[in-house]
Amino acid sequence: MKVLVCIKRVPAPGGKLSLTEDGTDIDTRHLGFTIGPHEECAVEEAVRLVAEHGGQVTVLSAGPPEVEEQLRYAMSMGANAGVLVEQSAQDPEATARALAEAIGTLESEDGPFDLVLLGNESADAGNYQVGVRVACSLGRPVVGGVKGVEVGAEGTDVFLRRESAEGIEVYQAPLPAITAVKEGLNLPRYPSIQGRLRAKKGPVRTLRPEVPQGGLRTVRLRQPPEKSKETVVLGYGADAADSVVDLLVEKGMV
Amino acid sequence: MNTLPDSADVVVIGAGIAGNSVAHHLAQAGWHNIVLLDKGPLPDPGGSTGHASNFIFPVDHSKEITAITVDSMHQYEKLGMLTTSGGIEVARTEERVEELKRRMASAKAWGIHSELISPERVAELVPFVDTSIVKLGFWTPSAAVVDPLQSGALMREQAQGLGALTVSANTEVSGIDTSGGRISKVRTDRGDIDTDTVVVACGVWSPRIARMAGARIPLVPVVHQLIDVGPIPELAETHSEIGYPIVRDMDPLMYERQSGADLEVGSYAHRAILHEPDDIPSYEAAQLSPTQLPFTQEDFDPQMEDALELFPGILNTPGAGIRHSINGLLSLTPDGGPVLGETPEVKGLWSAASVWIKEGPGVGKVLADWMTHGSTEVDMHGADIARFYPNQRTTTHVRARADEGFNKIYGIVHPNEQWESNRGQRLSPFHPREVELGARFFEVGGWERPHWYESNRALLEEYADRVDDRPHEWDARWWSPIINAEHLALRERVGVIDLTAFAQFDVSGPGALDYLQRMALAQVDKPVGKSVYTPILDHNGGFRSDLTIIRLDTDSFRIIAGGSDGPRDKKWFTDHLPADGSVVFTDVTSAVCTIGLWGPRARDVLSAVTEDDVSAEAFPFGTARYIDVDGVPTLALKISYVGDLGWELHAPFDQGLKLWDTLFEAGREHGIVPAGIGVYGTTGRLEKGYRLMGAELESEYNPVEAGLALPKVKSPDFVGKEPYLRARERGPDTTLCTLTVDECTDSNGTRRYPQAHSPILTTTGERIVDSRARSSYVTSAGSAPSLGEYLLMGYLPAPYAAEGTGLLVEYMGEQYPVTVVRAGRTPLFDPDDERMKA
Amino acid sequence: MLLVLVEDDSGAVSGASREALALAHELATKLDVPVHAATFGTGEFTTTLSAHGASVLHRIEGPFADDCSPEVRGAALGELIRSAGATGVLAAGSEWGNEIMAHAAARTGEAFASNCVEVDAGREWSLTRVRGGGMLLEEAELSGAVKFVSLVPGSVEPTEVTAPGEVATESFVPEHVDDLVHSKLVERTTSGTGASLATARVIVSGGRGVGSAEGFASLEELAGLLGGAVGCSRVATNSGWRPHSDQVGLTGTKIAADLYIACGISGATQHWVGCMGAKSILAVNTDPEAPLVSRADYAVIGDIHQILPAVVERARERKKEVQGAV
């Protein structure tokens, strides 16, 4: 089967983000970049699916030329080829249009991808819509928040499992299909040294779709206000148990 | 949440391995009220200690680094934080095979047990290595890994147990106040502390903290890349942090060590990636820690291929991935050494920076000794922060040398290897002429000094029968037979040597004589116009310096000291200036240029260009006076470090070129030649048995042992007098000797020239160690063209310190017979000094 | 007209939907347009809707009503928006709400701003939304014929109107969803007892300081006693001590409990954004300088393995005392 994974280059987690002086972007001087955690699981899942069912994994990322770093990382995890979609607009509509157009170009050459995997929402912008928009414009079924992917016995359907407030839901979708996945889907592998060296030489092609901007325009970013209140220290060690229970009673927990 | 005291005896900034160790040893040394701060949390405040690879190979070519490392290992062991794994350095190339033999000699010289082992033995110790690419191994069974964070915690606990230490994490220093050039206060975001002593143990942040007080700590944060690959079942099976020896794959400048189920692969091969101390992210903004920066994959790709070559099996284990990869920051100084000691700019501001994990505990001990007693047991000339001239503390210089030096960390560095970057910092006025003469420049203190002159190549024919070439490339590297030819020309005719790199100080005022009497071992109270050569001792009676003092007037003196230790000498002298202002100390180094004019024809040349009387009667040896040399007012000093008739001519810097041209013009008919430091520092000096600071003269040795004790002890008190008197009474535990190499042909039939630091062994190949555990090794080595010998110097205890004793010297894996030809100071060449007194 | 997508929480309007209604009312007053509500649910919502100033409830019905596939529901909502002539659509920024809104926005070709905390309506809408789960705030302008906005739960007071009016209920049957290629819900399992992270009133959560999978026993005991859920940090998940479904954080669950008890969690940003929605935080940690300790409302300094058993014991005693008194 042919699987496409759309990944996003995002700041590696861990540090407090600081902003550029004009507040329009984050200060990237000290930042390392990574694949968003949801998308890293998507890459892992794609590699596993292809290992089981045969086929090819293509990774695609829209953004500045630097996304090549993440494409190569995904390839070191086992993806076979990379597609760099050079794109400066960052709003969710433009991103979805660029992805859809790039997918259209790729599919017009080599036929459709059976499955397109995306992250449920990006770790930085968190717009919660790019996968859905791509699916709508390609006219394919899409399920979000997915934490389990299984290809049906016939190879014509995919079963997508997700958690909801009430429990677990499993959806069946005919292929070709799209799914937006979440961390927890699997435990992504660490790339092997051989994988890294292979990825260095793997093919990455570049597409430059021209797409209009969407209707959501970022004006500036700012830090959320810090809580300024003092922490009340209830005590030290086991001696604090009484104060803790007092608090639980006060909150109506006991 | 914790409260800081209002005042402290000392504030140690930085709770990495260096700061914890300094605080610990200060407490042991009896300091009270020590405050240790760090802006990060404990136990890992986010500096280099938190991500170091934590292994220790004890052998280093440097004696003091090896000594500090061995002491550190003992300390880690006492804390229960040392796991001995053994370690192997492997050679893939013939050049590295030679280097491992050289390391073997260093191991022997400094008393570390190591062995050269075959590839098969390497495979027995570390079965995963592909030995088909290994030519030789250097096996050190005592190599170990340590836990520096836990060690630091234990050190803090012990100091707290003594009631001497307050620890405050998450405390950022915002300023350091000084008053009258001395530390007065440390400002922090949790309150201010009055103190007169601060230790900067801030690793990569040290320059930033020192600058708050107005001092420079010359280091730059550089990236060291490392990755962890795992899980690897063969390693996991050991159920230990480290169950196999550490491997240093020296040729690709890498190491591989087990860390639990992972193999940690680190590299010093990638391009030098320099950072700015001010640009390191804060603890909050850092993704892993401030000194663990995002990994830059492309820099590491070639190293991965190298690692795969040596460990093809386990690094290809299915399921083993790169689980951790960082660009770790460490500190690099212009010469790669640590920066320890009090900063020359600010009294009471001490540096404990650029310290590797392997040195941390030992550095704490050394620094505590230094702060408590004013001196150290181990000679610190290679580690003292005061060793840098101001030009060597500039950002430009530090960055240039760190950039160049990074790949030398695991490199094969010839002892005389010259730097390529940021050259031409300090030029004597003679420099244009020297360039015209094809000078090959060596650098000291930023000065460009001719080591020999290509224009003298013709002399090789003239002295063809007395000048050897060196057939082995290593022996001939950074060397030329022209040096020996220049030597012979000087001895036969007359030579000119550029000595502008001397550090020169003027000392004057009503207290000048008393002050210098207190500093110098020799009697300084000489008639005006007389000079005296004197050792300068430290408080333990070991050598701090040796230099010449000229009495220019009743209350006015000139100090002339070697260029390489100039800044340390300056600090030593200014530290001891009387507080009453009775002495004015002026550094005139950059105002004065110096020519050495020596050789049997020197007087002919000088008398031709001056109307002053320079005859033997009018200008006896050891005197100094101002003369006019063709209009250049020149301080002429009748003295010689090469043992021939002549003068040091000290002239105003701006008239130097004229002096040079005048001498050469007048010298033409006498066959004058320019001669380099190769003659001055090595061949001429060794023939005369003169000692060199930093080689023979170190703080571990005293004047009695070095043969520099004087017949009479002057009555005024001087620094180191008590221990000096005791040493005189006790006699030498070891004696500085001169040896000749009897036979120097190696097993391939190639003539070899053993270099300094080679161990001196008994005829049965045993190490020679004196009663104070000091081993015998070659302190200086070089040709003696006038004697037709190759000479070595080294300290030997009785009974070896006797003329005629046969011994061995180990050099590059082979042992050569040598003979003691002098025990003590008497020169081999012209033993009665008739030539220079002629 | 502003349309609010109302979520059904056991037959009632969900709390987060009430916040969306309150905001819609405020914006509609400014724009001088009515507020309508739309729902796939079956609950009796009109009283609540009336209290929040909505005038019409559109019940989206039809043969697909039992089909929960998000594509179909999104398309149906899109059709309602067009046919009812909404100029703005608001919903709670829940996983479910965001997904349906994304579909509806994509179907109608309009822009969608998810997870907003402040919205000001005009010709363009000026809004503030959270990025990276709350690590940063983004000020943005939203344009287009129909504005789609979802609201971070808890960011608006669900104030009621002073003069409630009548709510007319209208049924809406979409016409164009039959030919849609879409997924089908084929299996649904309701999770057993025990509070879920997303809805629990109290969460006892553990991190690196717990030290092992076994170490979570005392956290489970306390959570059981308080009727709460157990959560964990990413370290605990990555160490294999807890399943990912227990993870609180940027890439796990974002919680909105009344009390969050963080045991041995230092509080990296990734974790903070998951738990900052709690009304109160109690941090238990050996390190008084840990980031979460300084951000928490309450702290106990010490080893959780000594503190938690003591708390459980004291809480049990207290319960007995209370029962004894009754």
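The values are calculated or read from the model by the stated rules, or taken from the named source; none is laboratory data. What you are looking at is a predicted structure, and each value in this text was computed from that prediction instead of being measured. Here the Cβ positions follow ideal geometry from the backbone for every residue, glycine too, while neighbour counts run over all protein chains shown. Accessible surface areas use protein heavy atoms only, side chains included; no ligands, DNA or RNA. Shrake-Rupley method; radii C 1.70, N 1.55, O 1.52, S 1.80 Å.
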Where only protein heavy atoms count, and the probe is 1.4 Å, what is the accessible area per residue for the stretch B:503-680 in Å²?
33 Å²
Of all DSSP beta bridges in chain B, what percent run antiparallel (nearest 5)?
85 percent
Would you pull out the residues with amide H under 5 Å of C:Val89's amide H, same chain only if 5 or more places away, H placed 1.01 Å from N?
C:Leu3, C:Lys147, C:Phe148, C:Val149
Collect residues whose amide H, placed 1.01 Å from N in the peptide plane, falls under 5 Å from the amide H of B:Asp379; neighbours closer than 5 in sequence don't count.
B:Ser699, B:Glu700
Chain B: angle of helix B:482-492 to the longest principal axis, Cα-based, in degrees nearest 10:
30 degrees
Whenever you get a sec, compute what percent of the accessible area on chain C sits on carbon and sulfur atoms (1.4 Å probe).
50 percent
If you take the accessible area of C alone, add that of A alone, and subtract the area of the pair, what total do you get in Å², probe 1.4 Å, to the nearest 100?
6800 Å²
Sort C:Met135, B:Met519, C:Met276 from largest to smallest accessible area, using a 1.4 Å probe on the heavy atoms of the protein chains.
C:Met276, C:Met135, B:Met519
Shielding of C:124-134 by partners, i.e. mean partner chain Cβ atoms within 10 Å per residue?
4
For the stretch B:431-496, the per residue accessible area (1.4 Å probe, Å²) is 40 Å²
I'd like to compare C:74-81, A:117-124, B:621-628: which one has the highest average count of other Cβ atoms within 10 Å, and what's the full order after that?
A:117-124, C:74-81, B:621-628
Amide H of B:Gly341: which non-local residues (sequence gap of 5 or more, or other chain) have their own amide H closer than 5 Å, using H built in the peptide plane?
B:Ser351, B:Ile385
Could you work out the helix-only [θ] at 222 nm for chain C, with each DSSP H run of four or more residues adding -39,500 (n - 2.57) and the total divided by the number of residues, to the nearest 500 deg cm²/dmol?
-9500 deg cm²/dmol
Classify the stretch C:2-172 from the C-alpha gyration tensor, please: rounded if a/c falls under 1.5, else prolate or oblate depending on whether a/b exceeds b/c.
rounded
Nearest-0.05 FRET efficiency for B:Val588 and B:Leu427 at R0 = 25 Å, using Cβ-Cβ distance, is 0.90
Quick one: what does P(r) look like for the stretch B:435-568 with 10 Å bins over all Cα pairs, in whole %?
11, 29, 25, 22, 12, 1
For the protein assembly as shown, take every pair of Cα atoms, bin their distances at 20 Å starting from 0, and report each bin as a whole percent.
9, 30, 29, 18, 11, 3, 0
Quick check: from the Cα gyration tensor, does the stretch C:78-136 come out rounded (a/c under 1.5), prolate or oblate?
oblate
Can you return the lysines within cross-link range of B:Lys526? Criterion is Cα-Cα under 22 Å, with same-chain partners fewer than 8 residues away left out.
B:Lys638, B:Lys712, B:Lys714, B:Lys721, B:Lys837
Taking the Cα atoms only, what angle lies between the long axis of helix B:17-28 and the longest principal axis of chain B, rounded to 10 degrees?
80 degrees
Once phi is turned into θ = phi - 60°, what whole-Hz ³J(HN,Hα) does the Karplus curve with 6.51, -1.76 and 1.60 give for every residue of the stretch B:52-57, x standing for Gly and Pro?
5, 7, 6, 10, 10, 9
Name the aspartates and glutamates eligible as straight-distance cross-link partners of C:Lys147: C-alpha to C-alpha under 12 Å, and not fewer than 8 places from it in the same chain.
C:Glu110, C:Asp120, C:Glu124
Most packed first (mean Cβ within 10 Å per residue), the peptides A:37-50, B:300-313 order as A:37-50, B:300-313
Under a point spin-label approximation (7 Å from Cα along Cα-to-Cβ), what is the B:Thr764-C:Ser126 distance to one decimal in nm?
9.4 nm
Which of the lysines could be linked to C:Lys184 by a straight reach, that is with a Cα gap under 19 Å, when you skip same-chain ones fewer than 8 residues away?
A:Lys147
Taking 30 Å² as the minimum loss, tell me which residues in the stretch C:209-236 lose that much accessible area going from the chain by itself to the full protein complex (1.4 Å probe).
C:Leu226, C:Arg234
Taking the simple approach of a point 7 Å from Cα along Cα-to-Cβ for both A:Gln194 and B:Ser282, what is their distance in nm?
4.6 nm
Take each uninterrupted DSSP H stretch in chain C, measure its Cα extent along the helix axis, and return the ones at 30 Å or beyond whose mean Kyte-Doolittle hydropathy is at least -1.0.
C:304-325
Coil-residue GluC sites (Glu not before Pro) of the stretch B:355-429, DSSP, other Cβ within 10 Å capped at 14:
B:Glu417, B:Glu420
Residue separation times 0.36 nm, minus the C-alpha to C-alpha distance between B:Glu234 and B:Lys530: what's the value?
99.1 nm
Give me a single rounded figure for C:268-277: the average over its residues of other chain Cβ atoms within 10 Å of their Cβ.
2
Residue-ordered couplings for the stretch A:90-101, obtained by feeding phi - 60° into the Karplus form 6.51 cos²θ - 1.76 cosθ + 1.60 and rounding to whole Hz (Gly and Pro as x), are 10, 6, x, 5, 5, 4, 5, 5, 5, 5, 5, 5
Partner chain Cβ atoms within 10 Å, averaged over the residues of A:158-168 - can you pull that number for me?
5
Sort the stretch A:158-227 into rounded, prolate or oblate with this rule: let a ≥ b ≥ c be the square roots of the eigenvalues of the Cα gyration tensor; rounded if a/c is under 1.5, and if a/c is not under 1.5, prolate when a/b is larger than b/c, oblate otherwise.
rounded
State the antiparallel share, in %, of DSSP beta bridges confined to chain C, rounding to the nearest 5.
20 percent
Angle in degrees between helix B:656-667 and the longest Cα principal axis of chain B, rounded to the nearest 10
50 degrees
In whole percent, what relative contact order does the stretch C:202-325 give with Cα contacts below 8 Å and a gap of six or more residues?
23 percent
Just need the relative contact order of chain B here, percent rounded to a whole number, with Cα pairs under 8 Å and 6+ apart.
12 percent
DSSP beta bridges in the protein assembly as shown [antiparallel fraction, %, rounded to 5]:
65 percent
Among A:138-149, A:105-116, C:284-295, what's the highest-first ranking by average C-beta atoms within 10 angstrom per residue?
A:138-149, C:284-295, A:105-116
Using alpha-carbon pairs under 8 Å, 6+ residues apart, how would you state the relative contact order of the stretch C:113-239 in percent?
17 percent
